[in-house]
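Novice: Quick one: the structure is below, questions incoming.
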Amino acid sequence: MKSINRPAILGGAPIFAYPLQFNEPTLPDYADISSDIASIVESGQLTNGPRVAALEERAAELCGRPVVAVSSCTSGLILAYRLLNLSGSVILPSFTFFATSHALFWNNLRPRFVDIAADTWTIDPQAVEEAITPEVSAIVAVDVFGNPAAKDALAAIAARHGLTLITDAAHSLGARYGGRPVGSFGDAEVFSLSPTKLVAAGEGGLAAVRDPEIAGQMRTARDYGNPGDYDCRTIGLNARMTEINAAMALAGLEELPRNVQKRNDLAGHYKKCLERVDGLEWQAITDGASTTYKDIAVKIDSAAFGVSRDSIRRALAAEGVPTRTYFDPPAHLQQAYAGRVEQCGDLARTNELCSTILCLPVFSHMDSEQVEGVCCALERIQEHAASVDKAFRGEV
Ligand SMILES: *Cc1c(COP(=O)(O)O)cnc(C)c1O
């Protein structure tokens, strides 16, 4: 009996004979977009065309403000930081994907990293307040794994200190906060449409910008800074989205509400199936908000689980269950940033979360049996915790 249920790492049969994917893009049926793609190719207009305009219009309806389609979230952030006139230091969380902070360096801005809240894993408003200096011009929040940051508290701090407020909303297209969609807060919120996000356009980004004038400047800046008369007013980028990417994004937006719901259901299923497993702590969803579950992550308490986070990862891999450890190492510890960043306090919660986080497989078309397989794998690893732990210590 015991040997049947042995973890694969101890010689049992893996739960997944064919390894599960960590993440698969959920794409529209090709039949649904093929005539659109064909007409793009036949028209010869591959960029700056009607589908990009239609995507911007559709996204603007959803966000209630102008939206500019760009080539990626990273280029959208670079342009937003530039056009909103940031200067000096910018406060942001270190528990994020490094694109948030890379885009600051591309504008010669200095990241000023602060800690996250222990439960929601998003930027801690109290830490933001304490980090403000005369050099600080802006706050950049991140909707971690789709969970909206504490937008009201951040807006109040930004208003009180005259700071610009921007969100890296790469994960949160489709999330809501205080009864409003993400995309309607702060000075700009920038979404990603890259393959691991909920709307996978191939590559792409959407910048939802409060001020229509700034949105207009961004449309020019994404096109080298050329307003159309071959006389550049600013030094822009090529950050355009192609028509084919826009067609994919339009189809993906249609499916977004369903896919957000599916991921919420999958997260619910994960939590229910893992109730019996000790040592797991889930991300708390911000009060009054809903999340997209771009990632489903747990914090591992190694002592309570009986096995370290990294050993759990290896044992899961043997079961055919790939995992990730976003965002380890955190942004402030990226080698490229050595000596070039400011940090407020010891970022203890960020450092602790990075060493204990485990992101489990999830994609919008994942089925409940796959979730159950992952849970079963975690359960059997815990059941054999002592032996698994010993195996990794080389004692078996
Ligand atoms: C994916 C991601 C980005 C970058 O998005 P791209 O569209 O690939 O440029 C930025 N920030 C976060 C938090 C992300 O996860």
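Novice: Give just the number: which of (1) under 26 Å from Val144 (Cβ atoms); (2) among the hydrophobic types (A, V, I, L, M, F, W, C); (3) within 16 Å of the ligand (Cβ to nearest atom) does Leu163 not satisfy?
Specialist: Status for Leu163: all satisfied but (3).
Novice: For region 308-328, state whether one or more residues are in contact with an Asp or Glu (Cβ under 7 Å, 6 or more places away or on another chain) and either modelled with pLDDT under 95 or part of a helix (DSSP H, G or I) (or both).
Specialist: Within region 308-328, one or more residues are in contact with an Asp or Glu (Cβ under 7 Å, 6 or more places away or on another chain) and either modelled with pLDDT under 95 or part of a helix (DSSP H, G or I) (or both).
Novice: Go through (1) at pLDDT below 95; (2) open to solvent by 80 Å² or more (accessible area, probe 1.4 Å) one by one and return the number of the condition Glu61 breaks.
Specialist: (1)
Novice: Is region 90-98 home to any residue that is small (Gly, Ala, Ser) and within 19 Å of Leu333 (Cα to Cα)?
Specialist: Within region 90-98 (the criterion being small (Gly, Ala, Ser) and within 19 Å of Leu333 (Cα to Cα)), the answer is yes, since at least one residue qualifies.
Novice: So, one more: For region 185-209: of the residues being in a loop (DSSP other than H, G, I, E, B) and among the β-branched types (Val, Ile, Thr), which is nearest to the ligand (Cβ to nearest atom)? Give the derivation first.
Specialist: At the first step, the residues of region 185-209 found to be in a loop (DSSP other than H, G, I, E, B) are 185-187, 193-204.
From the residues that got through so far, the ones that are among the β-branched types (Val, Ile, Thr) too are 196, 199.
On the way: Thr196: 7, Val199: 11 Å.
Once the filter is applied, the top-ranked residue is Thr196.
Novice: Regarding Leu77, is this residue within 16 Å of the ligand (Cβ to nearest atom), surrounded by 19 or more Cβ atoms within 10 Å (Cβ to Cβ) and farther than 28 Å from Tyr326 by Cα? Talk me through it step by step, then tell me what you get.
Specialist: Working: within 16 Å of the ligand (Cβ to nearest atom): yes; surrounded by 19 or more Cβ atoms within 10 Å (Cβ to Cβ): yes; farther than 28 Å from Tyr326 by Cα: no.
Considered against the rule, which asks whether it is within 16 Å of the ligand (Cβ to nearest atom), surrounded by 19 or more Cβ atoms within 10 Å (Cβ to Cβ) and farther than 28 Å from Tyr326 by Cα, Leu77 comes out as no.
Novice: Go through region 329-353 and give me each residue that's open to solvent by 40 Å² or more (accessible area, probe 1.4 Å), part of a loop (DSSP other than H, G, I, E, B) and within 11 Å of Phe95 (Cα to Cα).
Specialist: Result: Pro329, single match.
Novice: Out of region 239-283, which residues are hydroxyl-bearing (Ser, Thr, Tyr) and under 25 Å from Glu203 (Cβ atoms)? Lay out the reasoning, then the answer.
Specialist: Here is the first cut: in region 239-283, the ones hydroxyl-bearing (Ser, Thr, Tyr) are 242, 270.
Within region 239-283, just Thr242 meets the criteria.
Novice: Go through region 322-374 and report how many residues are closer than 17 Å to Lys271 by Cβ and either of a type in the set (A, V, I, L, M) or touching a strand residue (DSSP E or B) at 6+ places or on another chain (Cβ under 9 Å) (or both).
Specialist: Of the residues in that region, 10 qualify.
Novice: Something else about it: If you scan region 210-243, which residues turn out to be surrounded by fewer than 21 Cβ atoms within 10 Å (Cβ to Cβ), within 16 Å of the ligand (Cβ to nearest atom) and either assigned to a strand (DSSP E or B) or among the hydroxyl-bearing types (Ser, Thr, Tyr) (or both)?
Specialist: Asn238
Novice: Against the condition within 25 Å of Ala200 (Cα to Cα) and more than 16 Å from the ligand (Cβ to nearest atom), how does Ser308 come out, does it pass?
Specialist: Answer is no for this residue.
Novice: Do we find that Val128 is free of Cβ contacts under 8 Å to residues at least 40 places away in the same chain and at negative phi in this structure? Reasoning before the result, please.
Specialist: On the way: free of Cβ contacts under 8 Å to residues at least 40 places away in the same chain: yes; at negative phi: yes.
Considered against the rule, which asks whether it is free of Cβ contacts under 8 Å to residues at least 40 places away in the same chain and at negative phi, Val128 comes out as yes.
Novice: For Ser101, state whether it is within 14 Å of the ligand (Cβ to nearest atom), in contact (Cβ under 8 Å) with a residue 40 or more places away in the chain and open to solvent by 10 Å² or more (accessible area, probe 1.4 Å).
Specialist: For Ser101, the condition - within 14 Å of the ligand (Cβ to nearest atom), in contact (Cβ under 8 Å) with a residue 40 or more places away in the chain and open to solvent by 10 Å² or more (accessible area, probe 1.4 Å) - is not met.
Novice: Of the conditions (1) more than 16 Å from the ligand (Cβ to nearest atom); (2) part of a helix (DSSP H, G or I); (3) closer than 22 Å to Thr122 by Cα, Lys299 fails just one. Which one is it?
Specialist: The failed condition is (2).
Novice: Answer with yes or no whether Gly268 is within 16 Å of the ligand (Cβ to nearest atom) and within 23 Å of Pro361 (Cα to Cα). Explain how you work it out, then say what you get.
Specialist: On the way: within 16 Å of the ligand (Cβ to nearest atom): no; within 23 Å of Pro361 (Cα to Cα): yes.
Here the answer is no, as Gly268 does not meet what is asked.
Novice: While we're looking at this one, here's another question. Can you name the residue in region 120-155 that is more than 21 Å from the chain's Cα centre (by Cα) and not hydrophobic (A, V, I, L, M, F, W, C) and is also nearest to the ligand (Cβ to nearest atom) among such residues?
Specialist: Ser137
Novice: Take the residues in region 104-118 that are closer than 16 Å to Leu77 by Cα and hydrophobic (A, V, I, L, M, F, W, C), then tell me which one is surrounded by the most Cβ atoms within 10 Å (Cβ to Cβ).
Specialist: Leu104
Novice: Could you check, for region 273-285, whether at least one of its residues is in contact with a Ser or Thr (Cβ under 8 Å, 6 or more places away or on another chain), closer than 18 Å to Arg176 by Cβ and surrounded by fewer than 23 Cβ atoms within 10 Å (Cβ to Cβ)?
Specialist: Among the residues of region 273-285, at least one is in contact with a Ser or Thr (Cβ under 8 Å, 6 or more places away or on another chain), closer than 18 Å to Arg176 by Cβ and surrounded by fewer than 23 Cβ atoms within 10 Å (Cβ to Cβ), which makes the answer yes.
Novice: For region 153-170, give me the residue count where each residue is in a helix (DSSP H, G or I) and of a type outside the set (A, V, I, L, M).
Specialist: 2
Novice: Follow-up question, since we're still on this one. Would it be correct to say that Ile15 is modelled with pLDDT of 95 or more, aliphatic (A, V, I, L, M) and not in a loop (DSSP other than H, G, I, E, B)?
Specialist: In short, no.
Novice: Something else now. Would you say Leu92 is within 16 Å of the ligand (Cβ to nearest atom) and not in a helix (DSSP H, G or I)? Steps first, please.
Specialist: Working: within 16 Å of the ligand (Cβ to nearest atom): yes; not in a helix (DSSP H, G or I): yes.
Taking the combined requirement at face value, the residue satisfies it.
Novice: Only one of Ala169, Ala175 is more than 17 Å from Glu56 (Cα to Cα) and within 15 Å of the chain's Cα centre (by Cα); which? Full working, then the answer.
Specialist: Working: Ala169 fails: more than 17 Å from Glu56 (Cα to Cα).
That would be Ala175, the only listed residue that is more than 17 Å from Glu56 (Cα to Cα) and within 15 Å of the chain's Cα centre (by Cα).
The values are calculated or read from the model by the stated rules, or taken from the named source; none is laboratory data. All figures in this text were calculated on a predicted structure; none of them were measured in a lab. Please note: Cβ atoms are built from the backbone with ideal geometry, for glycine as well, and neighbour counts cover all protein chains shown. The area values use the complete protein model at the heavy-atom level, side chains included, leaving out ligands, DNA and RNA. Shrake-Rupley method; radii C 1.70, N 1.55, O 1.52, S 1.80 Å.
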